[in-house]
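K.L.:
First the structure, which I've put down as structure tokens, then a few questions once you've had a look.
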Amino acid sequence: MKLNDMPIYVFVDFDGTITHQDTLDYLLDTFAPPHWREIEDQVTAGVLEEKRALQMEFDLLRVSLETAIQTIQHLPIDPQFPRFVQYCRQNNMALQILSGGVDYFIRAILRRNGLEEVPFHSNSVKVVNDRWKIVPARTPRIRNQCNHCKTYWITRARNEGFLTVYIGDGNTDRCPATATHISFAKDQLAEYLRQIGHPFLPYRNFQDILDYFNSHSIEKLKEMTGAQPLHYIKD
């Protein structure tokens, strides 16, 4: 599938998008005091950057990495995501997971669902004596606000000639959702895009996204969003 000979690159958030629950939220709810949510609220309000907030939240955790992986690996994913992976493959659409979360958790959940071949980029962690240290993704940071700059990957894909699609739901999806040609958004991300007046396609699950692709040409989807990427993207 192409648009005017432009190949398509689909980028997908992990926590809350592929998974029903955010793995880090679930872990913090289980192994950290409840005031961790005050930190998250500050990120949502825009008064605290994610690159600082994530370590502040990890400072509250007291659990081994092994126990953490065992705790989150059974969290369910969207049941239609495997079909979406197959759809992308059948239609020659490149697919990449971009996450502000932790590689150990993503790898465990993908493996449990038979999706370990799906490529992803994310942060990592070092855990010593149940104390957690964020290891940021090794990518340039365009706006220097997040540990993993998802927008970097979209920038690179656009500069390589791809038409880009982004699918997300939360705080770390704000920049990439405004940097792509076509944005699918729900929950906090949809609310944010409405507030700033940036076009997007609403969805609830991957069945909705499959329905979009099956019912409309990629040209029509791009027309429906009418989005112009923000200034930090260079074509």
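The values are calculated or read from the model by the stated rules, or taken from the named source; none is laboratory data. Given the structure is predicted, the values throughout are model-derived calculations rather than measurements. For neighbour counting, all protein chains shown are included, and Cβ atoms are generated from backbone atoms with ideal geometry for every residue, glycine included.
K.L.:
Does residue 155 satisfy being in a helix (DSSP H, G or I) and assigned by TED's automatic domain parsing to the domain that holds residue 15?
P.N.:
Judged against the criteria, residue 155 is a match.
K.L.:
Of 169, 173, which residue is in contact with a Gly (Cβ under 6 Å, 6 or more places away or on another chain), outside the structural domain of residue 47 (by TED's automatic domain parsing), touching a residue at least 60 places away in the same chain (Cβ under 8 Å) and within 30 Å of residue 66 (Cβ to Cβ)? First the steps, then the outcome.
P.N.:
Numbers: 173 fails: in contact with a Gly (Cβ under 6 Å, 6 or more places away or on another chain).
Among 169, 173, only 169 is in contact with a Gly (Cβ under 6 Å, 6 or more places away or on another chain), outside the structural domain of residue 47 (by TED's automatic domain parsing), touching a residue at least 60 places away in the same chain (Cβ under 8 Å) and within 30 Å of residue 66 (Cβ to Cβ).
K.L.:
What is the one condition in (1) touching a residue at least 40 places away in the same chain (Cβ under 8 Å); (2) assigned to a loop (DSSP other than H, G, I, E, B) that residue 68 does not satisfy?
P.N.:
So residue 68 meets the others, but not (2).
K.L.:
Within the range 30-46, identify whether any single residue is in contact with a helix residue (DSSP H, G or I) (Cβ under 7 Å, 6 or more places away or on another chain) and under 30 Å from residue 211 (Cβ atoms), and answer yes or no.
P.N.:
Yes, because at least one residue in the range 30-46 is in contact with a helix residue (DSSP H, G or I) (Cβ under 7 Å, 6 or more places away or on another chain) and under 30 Å from residue 211 (Cβ atoms).
K.L.:
Turning to a different aspect of this structure: Could you identify the single residue in 57, 49 that is touching a residue at least 60 places away in the same chain (Cβ under 8 Å) and closer than 19 Å to residue 172 by Cβ? Write out each step before concluding.
P.N.:
Working: 57 fails: touching a residue at least 60 places away in the same chain (Cβ under 8 Å).
Testing whether each residue is touching a residue at least 60 places away in the same chain (Cβ under 8 Å) and closer than 19 Å to residue 172 by Cβ leaves just 49.
K.L.:
For residues that are surrounded by 18 or more Cβ atoms within 10 Å (Cβ to Cβ) and β-branched (Val, Ile, Thr), scanning just the range 183-224, find the one that is modelled with the highest pLDDT.
P.N.:
If we take residues in the range 183-224 being surrounded by 18 or more Cβ atoms within 10 Å (Cβ to Cβ) and β-branched (Val, Ile, Thr), then 209 is modelled with the highest pLDDT.
K.L.:
Here's a follow-up. Quick one: in the range 138-156, which of the residues that are in contact with a Leu (Cβ under 9 Å, 6 or more places away or on another chain) and of a type in the set (A, V, I, L, M, F, W, C) is surrounded by the fewest Cβ atoms within 10 Å (Cβ to Cβ)?
P.N.:
153
K.L.:
A further question follows. Can you pull out every residue in the range 127-182 that is of a type in the set (Phe, Trp, Tyr) and under 15 Å from the mean Cα position of the chain (by Cα)?
P.N.:
Residues of the range 127-182 that are of a type in the set (Phe, Trp, Tyr), as a first pass: 132, 152-153, 162, 166.
If the condition is that a residue be of a type in the set (Phe, Trp, Tyr) and under 15 Å from the mean Cα position of the chain (by Cα), then 152, 153, 166 are the ones that fit.
K.L.:
When the residues of the range 22-47 are filtered to those that are surrounded by 14 or more Cβ atoms within 10 Å (Cβ to Cβ) and not in a helix (DSSP H, G or I), which remaining residue is farthest from the chain's Cα centre (by Cα)?
P.N.:
Ranking the candidates gives 32 first.
K.L.:
Tell me yes or no: at least one residue of the range 94-108 is part of a strand (DSSP E or B), free of Cβ contacts under 8 Å to residues at least 12 places away in the same chain and not basic (Lys, Arg). Let's see the steps before the verdict.
P.N.:
Going residue by residue through the range 94-108, those that are part of a strand (DSSP E or B) are 94-102.
If we keep only those that are free of Cβ contacts under 8 Å to residues at least 12 places away in the same chain as well, we get none.
No, the range 94-108 has no match at all.
K.L.:
For the range 102-111, state whether one or more residues are surrounded by fewer than 16 Cβ atoms within 10 Å (Cβ to Cβ), farther than 30 Å from residue 213 by Cα and out of contact with any Lys or Arg (no Cβ under 9 Å at 6 or more places or on another chain).
P.N.:
Taking the range 102-111 first, the residues surrounded by fewer than 16 Cβ atoms within 10 Å (Cβ to Cβ) are 107, 111.
Checking which are farther than 30 Å from residue 213 by Cα leaves us with none.
Scanning the range 102-111, I find no residue that is surrounded by fewer than 16 Cβ atoms within 10 Å (Cβ to Cβ), farther than 30 Å from residue 213 by Cα and out of contact with any Lys or Arg (no Cβ under 9 Å at 6 or more places or on another chain), so the answer is no.
For every residue, the table says whether it meets (1) surrounded by fewer than 15 Cβ atoms within 10 Å (Cβ to Cβ); (2) at pLDDT 95 or above; (3) touching a helix residue (DSSP H, G or I) at 6+ places or on another chain (Cβ under 7 Å).
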{"position": "15", "(1), (2), (3)": "no, yes, yes"}
{"position": "49", "(1), (2), (3)": "no, no, no"}
{"position": "83", "(1), (2), (3)": "yes, yes, yes"}
{"position": "87", "(1), (2), (3)": "no, yes, yes"}
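K.L.:
Still on this structure, please answer the following. Is it the case that residue 162 is closer than 20 Å to residue 100 by Cβ and either surrounded by fewer than 18 Cβ atoms within 10 Å (Cβ to Cβ) or among the aromatic types (Phe, Trp, Tyr) (or both)? First the steps, then the outcome.
P.N.:
Working: closer than 20 Å to residue 100 by Cβ: no; either surrounded by fewer than 18 Cβ atoms within 10 Å (Cβ to Cβ) or among the aromatic types (Phe, Trp, Tyr) (or both): yes.
So residue 162 does not fit the description; no.
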